[in-house]
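Just so it is clear, none of the values below were taken in a lab; they were calculated from the coordinates. What you see is a predicted model, and the numbers here were worked out from it, not measured in a lab. Every residue, glycine as well, gets a Cβ built from its backbone with ideal geometry; the counts of neighbours run over all protein chains shown.
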Amino acid sequence: MEYEQSIFYKLQSKKRLKDFLFVKRDVYCEENFINSKIKVFLQEGRIIEAPDPDIQAIQRNILRGLNILNVPDYLYSGVRQKGYKKCQEKHDNKKFLFSFDIKKFFYNTSREKVYNFFKEKLQTSNEVAEILTIYSTIDLGLKKYCGSQQIKNWVEKSEISQRHLIAGAPQSVLL
């Protein structure tokens, strides 16, 4: 991937990041505040993490900054103008087709992996990487496991990471 295409590549300034994301108040860069704006609940045995519209708007700006990356041709998920149907069309005439789903993928993509992507691959400053990571991950511990014993059990059994990629954020699939 050509990371230098991203607007975030080698971004060092917190102020420039906030301008790009249209963040007007410093509180919008704090993990506790952002976590408080994400509704978490269980539905049909899976965790739903739904950011408020104002947080989601900022997350869409992160996606916009990542969308210009050239991704490998084989990648379909989370890529604009590609998707499940395009992938299926590409494989229609094949004799064999393997389809798989990675169980609890978002919940097992740790905060550290997300931070390292921004810090190492996009070569941002620590501060910029931290803010982008805060918008891209959730800490279920801050949400007190959302009042769910099942979520608490999953974390305690290491079936999911307490701090992980937000399943409902616009940029999560591409990350």
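Starting from 0 in steps of 5 Å, tell me what percent of the Cα-Cα pairs of the range 14-65 lands in each bin.
5, 18, 26, 23, 14, 8, 5, 2, 0
Count the net charge of all other residues whose Cβ sits under 12 Å from the Cβ of PRO53, scoring Lys and Arg as +1 and Asp and Glu as -1.
That sum, taken over residues with Cβ under 12 Å, equals +1.
Distance between the C-alpha centers of the range 123-165 and the range 14-66? Whole Å please.
What the calculation gives is 13 Å, centre to centre.
Taking the Cα-to-Cβ direction at LYS90 and at GLN150 and moving 7 Å from each Cα, how far apart do the two end points lie in nm?
Those two pseudo-labels are separated by 3.4 nm.
Give a residue-ordered list of calculated ³J(HN,Hα) values for the range 160-175 (Karplus: 6.51 cos²θ - 1.76 cosθ + 1.60, θ = phi - 60°; whole Hz; x for Gly, Pro).
My calculation for the range 160-175 gives 9, 7, 4, 10, 8, 4, 5, 5, x, 8, x, 7, 4, 4, 5, 5 Hz in order.
Going by average Cβ neighbours within 10 Å, how do the peptides 21-32, 163-174, 3-14 rank, with the highest at the top?
163-174, 3-14, 21-32
Listed highest first by mean packing, meaning other Cβ atoms within 10 Å per residue, what order do 51-61, 134-144 come in?
The peptides rank, most packed first, as 134-144, 51-61.
Between SER36 and PHE22, what is the label-to-label distance in nm when each label sits 7 Å out along the Cα-to-Cβ direction?
My value for the distance between the label points is 2.3 nm.
A 32 angstrom limit on the alpha carbon distance is what I want to check against. Which of LYS85/LYS144; LYS39/LYS85; LYS85/LYS152 exceed it? Please report the intermediate quantities before stating the final value.
Values: LYS85/LYS144 39 Å; LYS39/LYS85 30 Å; LYS85/LYS152 36 Å.
In this structure, LYS85/LYS144; LYS85/LYS152 lie more than 32 Å apart at Cα.
How large is the Rg to Rh ratio of the chain when both quantities use alpha carbon positions and Rh follows Kirkwood?
Across the chain, the Cα-based Rg/Rh ratio is 0.99.
Cut-off under 17 Å on the C-alpha distance; same-chain residues fewer than 8 positions from LYS121 excluded. Which lysines are left, in chain and number order?
LYS10, LYS113
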